[in-house]
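See below for the structure under consideration.
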Amino acid sequence: MLNDSLSYLVFFPAAVLCFLPMAHQLRYSRLRTLLMGVGLITAASAVGVWLTRWLNTDDNDLLLPLLMFFFVLYHHSLKVHISKSLAVFCACTAFLSILSNGAICFDAYLDILPTVNTDSWDGRLFQISVGWAAVLLLARPYIKYGSMLIDRTEQPRIWYATILFSATVFAVNMLLLPVEYAVIEQPELRIYMVLVLIALLILWLLMQDIFFLIVSGILNAAEIEAKNRFLETQKHEFDSQQRYIKATEKVRHDFRQSIRTMSELYEAGDYEELGEYLRQYVRTMPTGDIRSFCDNTALNALLNYYVHVAGENGISFTPRIRLPEKLRVSDIDLCNMIGNILENAIIACQKADEKYIRLSAIAEDDIQLYIVVVNSFSGDVSRNHDGRYLSVSHGGNGIGLWSVLSTAESYGGVAQFSHEGKRFYSSIAIPLDG
């Protein structure tokens, strides 16, 4: 019975590997997640041992149902899209399959098993030891880099793409599983199997690195694009200020003469002529296109840019801003969130009969930041299979609304999107005292 139980203990290091990159996405506290995981794996292992004895079968026959059961529990304990949880779970399962065949080769090397399906202390302890060693080696990169990818990468297609590789590694390991123990008793075949397992392990590690490099490149490109848009808005404000300075230069130069003329008309009592002179003077004054919405310079530049863009597209844009000069949220993140929402809103308004955008950004008692955008749209929405809205900008690739959601959550806040009829709502709430 104890030997049978050892075969299920490898699920513990595998479970730890699964949770390492999900450090910021746990649905429950870490202690509660740990206790639930230990209890459920222990209970499932006990049931597995009992079924194996009762049905007189191999524990590999129960592997698939157990994995499905564990995945349902794993996904339920997280706050991520199923594509992420499935990708991480499949990667760890593929690694587990490599360890399993490695344990069989270790048993064959010791020449202590009559059949492949017989458990041994040595093989199981080898499998468990290597599993925990992998946890120690991968803990830091999984927590630091893996969690970064989990937190920032919201495109399901990227995560689904990794599942094919993990499934291939798992399938190859199932095919390598020898039917008869005598097969791997032969040194030549055993060495061949070990070499294949080493190659699979190297490929598995390379896949982790390649995936990180590719996705990091995508994220960095998106971040650079967002910063470029941020710089573009500041350039737009600077150009507008320069135009306004040049336009008012002559007015400022002639202002002293105008004051003298108006003073003489007043002293002469020629009020009718004074009134006409004032009307002409007002008509010749340039109209400033720079508005001050708040004390935050970066956000002010962004709003002036989108006021200009909205005006060019015939959209009524009404911003109501009550924000201090500095917030807990960085200027870049604040402008990225509002900019992404406004960009989507302007594109949506272009297809609507009535074109309007209402923006409210308020820091309530320096405790909570509320950002609410209401805009008109055609009434047609795009959602993925999970029911979440897809961004209408950037070809619907998820950089828009997904980026807003990810940024808000990184500050411990929330972002919600909904629609009613032909009106779309974007709401963000971020604590400022965190």
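The numbers here are math on the coordinates, done by the rules we state, and not lab data. Note that the coordinates shown come from a computational prediction; the quantities given were computed from them, not determined experimentally. Virtual Cβ from ideal backbone geometry, glycine too; neighbours counted across all protein chains shown.
Most exposed first by the Cβ proxy, i.e. fewest other Cβ within 10 Å, how do Y305, Y109 rank?
Sorted ascending by nearby Cβ count, the order is Y109, Y305.
With θ set to phi - 60° and the Karplus curve 6.51 cos²θ - 1.76 cosθ + 1.60, what are the ³J(HN,Hα) couplings of segment 172-177 in order, to the nearest whole Hz, using x for Gly and Pro?
Whole-Hz 3J(HN,Hα) from phi for segment 172-177: 4, 5, 5, 6, 6, 4.
How much net charge surrounds P21 when only other residues with a Cβ under 11 Å from its Cβ are counted (Lys, Arg +1; Asp, Glu -1)?
Value of the local net charge: +1.
Once label points are set 7 Å from the Cα along Cα→Cβ at both V38 and M174, what is their separation, rounded to one decimal in nm?
3.3 nm
Using 7 Å Cα-to-Cβ label points, what is the S418/V372 separation (nm, one decimal)?
Result: 1.1 nm between the two label points.
Could you work out the local net charge near V374, counting Lys and Arg as +1, Asp and Glu as -1, over the other residues with Cβ closer than 13 Å to its Cβ?
With Lys, Arg at +1 and Asp, Glu at -1, the neighbours total +3.
Write down the Å³ per residue value for the convex hull defined by the alpha carbon atoms of segment 297-431.
Residue-normalised Cα hull volume stands at 100 Å³.
If amide H atoms are built 1.01 Å from N in the plane of the peptide, which residues on other chains or at least 5 residues away come under 5 Å of the amide H of Y356?
Under 5 Å from the amide H of Y356: S316, S376.
Going by amide H atoms built from the backbone, whose H comes under 5 Å of the H on Q368, apart from near neighbours?
L432
Tell me, what HN-Hα J-couplings in whole Hz come from the Karplus equation 6.51 cos²θ - 1.76 cosθ + 1.60 at θ = phi - 60° for each residue of segment 124-137, using x for Gly and Pro?
Karplus values, whole Hz, x for Gly and Pro: 5, 5, 4, 4, 5, 5, 5, x, 5, 4, 5, 4, 5, 6.
Starting with the fewest neighbours, write out E223, E276, E188 ranked by other beta-carbon atoms found within 10 Å of each beta-carbon.
E188, E276, E223
Would you mind ranking L213, L51 so that the residue whose beta carbon has the fewest other beta carbons within 10 Å leads the list?
The order, fewest Cβ neighbours first, is L213, L51.
Dipole size in debye (nearest 20) for segment 2-224 around its Cα centre, Lys and Arg Cβ +1, Asp and Glu Cβ -1?
It works out to roughly 1120 debye.
With equal scatterers on the alpha carbons only and no solvent term, can you work out the Debye log10 of I(q)/I(0) for segment 2-224 at 0.10, 0.12, 0.14, 0.18 1/Å?
Those come out to -0.47, -0.67, -0.90, -1.39, one per q.
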